[in-house]
Amino acid sequence: MILSLVVLCALCTLSLTLLFPRAATILWLLALATSPDAWLDNLAGTAQHETIIALLKAYGLVILAALTLRHGLKRDRYNPAFAFIAMFLTGLLHGLYPGLSLLSSLRSLIGSASPFLFSFTRLPENVCRAIIWAILWGPLCAIGFNLILTAAGLDHMYVFEQGALRLGATGQPPFLAGFALIGLYAALVETLTNPRRGILAALAINFTIILLTGARAPLAIACFEILALLILQRRLVLLAAAGTLATAALLFSGSLGFIRIIGLTQLGEAANLSNRNLVWPYFQQAFWSSPFVGWGVGAGKIIIPVTSQLNSLLGTNAAHDEYLRIGTEGGMLGLALLIALIALWVRRGTAPMAPAPRWLTRLIFIGFAVHSATDNTMIATTSSAFFLWASAVFATAENRSTPAA
């Protein structure tokens, strides 16, 4: 009976997705922002983190199929998914990492390539607007959902770490910060391309969420991107105001120790909080054992076994450095190919934009490249939201630059 109910629910979900792909896309993005791999684990009391993430990405592929059936395919010669396919093939030729099966490598290939596949679909203007709306307001919706769970006694909103509170909502603070950073990116680009009421509110809300999560890299990147926007808009008064606020924050930092960023600075504990020095040596050793072509897509998941004491101690076996992780999977050749394709993909996607949003979008991807040196930006659920947003931004620019038939 349970199996029958599961199959029935799956068929109903599939039917609704095919009938209403735009609504399904919005709901999927809002669901991603709530980090269901975290709160469903807590509610069920089981360790099914990887399974839930796999189901989320699989449903994203269902949405992709529905959008493609509705709107058709298009060419995307520089799509970064091609780099993962190349790494998968070279891994097979070279030999996979010991303990990595062909099926596991194939699953990792699908998971790694899937965020980029939306660029092969013709996304009309209304779908792009829906995607951007969900990206803008997803973090706030996640907090609202967490308030419901907290009121019911099923979850908590903050975690206490290093003597300070960190806003985590239904997931972990770094993931909430990651989604809020993508929402901030969307607000910044919308300020230049489609300004309207509510964009500044979305910008302020997402920046505040990043600040309350205590995530250092996202906060630094957010400040850099906001500064870039003000320079592009030549808002000298706002630049002066931002400098004044930063100075005031420094003057009153002694009374703001409950904010994690400031508290860490006061304690002198702002480095190595994720125990990267314990994780990186394992990936470095794997990289240097096959530096040119790597060990195949998916090797990064088993270099530190989930049954190891280090995984139990840290609660994760992730690399916290995408360059190092991808280097172990595809070697220097695979990493170089991926970087080159992303650069060409962004250059081609931003070409139809006006100069100011074009350069801002490219700066956002530079910020993403910097962020990737310290976080798991391409294997976390945030990657699905970020690259889908990028596909929507590129499609919007292309649609507006193409004359109507």
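The values are calculated or read from the model by the stated rules, or taken from the named source; none is laboratory data. Keep in mind the model is a prediction, meaning the values are calculated, not measured. Don't worry about glycine lacking a Cβ; one is built from the backbone with ideal geometry, like all the others, and counts go over all protein chains shown. We work out accessible area using only protein heavy atoms, side chains counted, and drop any ligands, DNA or RNA first. Shrake-Rupley method; radii C 1.70, N 1.55, O 1.52, S 1.80 Å.
For the range 38-93, the residue among HIS49, LEU69, ILE85 whose Cα projects farthest onto the positive side of the dipole built from Cβ charges is LEU69. Between ALA58 and ARG347, the contour length at 0.36 nm per residue exceeds the alpha carbon distance by 101.2 nm.
Placing unit charges on each Cβ (+1 for Lys and Arg, -1 for Asp and Glu) gives the chain a dipole about its Cα centre, and among PHE20, PHE224, THR382 the Cα reaching farthest toward its positive end belongs to PHE20.
Annotation for the range 331-379 versus the range 21-100: alpha-carbon center distance of 20 Å. Counting only helical runs of four or more DSSP H residues, what would the 222 nm mean residue ellipticity of the chain come to if each run contributes -39,500 (n - 2.57) and the total is spread over all its residues? It lands at -23000 deg cm²/dmol. Computed about its Cα centre, the charge dipole of the range 10-100 is approximately 520 debye, with only Lys, Arg, Asp and Glu carrying charge at their Cβ. About its Cα centre, the dipole of the chain is roughly 1180 debye, where the only charges are +1 on Lys and Arg Cβ and -1 on Asp and Glu Cβ. Could you identify which residue out of ARG347, ARG197, ARG216 has the top mean-square fluctuation in a GNM of the chain using Cα springs shorter than 10 Å? So, out of ARG347, ARG197, ARG216, the one fluctuating most is ARG197. Converting phi to 3J(HN,Hα) with the Karplus coefficients 6.51, -1.76 and 1.60 and the offset θ = phi - 60°, the range 68-73 yields 5, 4, 7, 10, x, 9 Hz in sequence order, with x at every glycine or proline.
Checking the a/c ratio against 1.5 first, then a/b against b/c, what shape does the Cα gyration tensor give for the range 147-198? In terms of gyration-tensor shape, prolate. For the chain, the normalised intensity computed at q = 0.12 Å⁻¹ comes to -1.04 (log10 of I(q)/I(0), Debye sum over alpha carbons, equal scatterers, no solvent).
One chain, two ends: ALA373 and SER15. Fully extended at 0.36 nm per residue, the span grows by 124.8 nm beyond their Cα-Cα distance. Counted over all Cα-Cα pairs of the range 317-380, pairs farther apart than 20 Å make up 33 percent.
Taking the protein heavy atoms of the chain in the context of the full set of protein chains, the accessible area attributed to carbon and sulfur is 71 percent at 1.4 Å.
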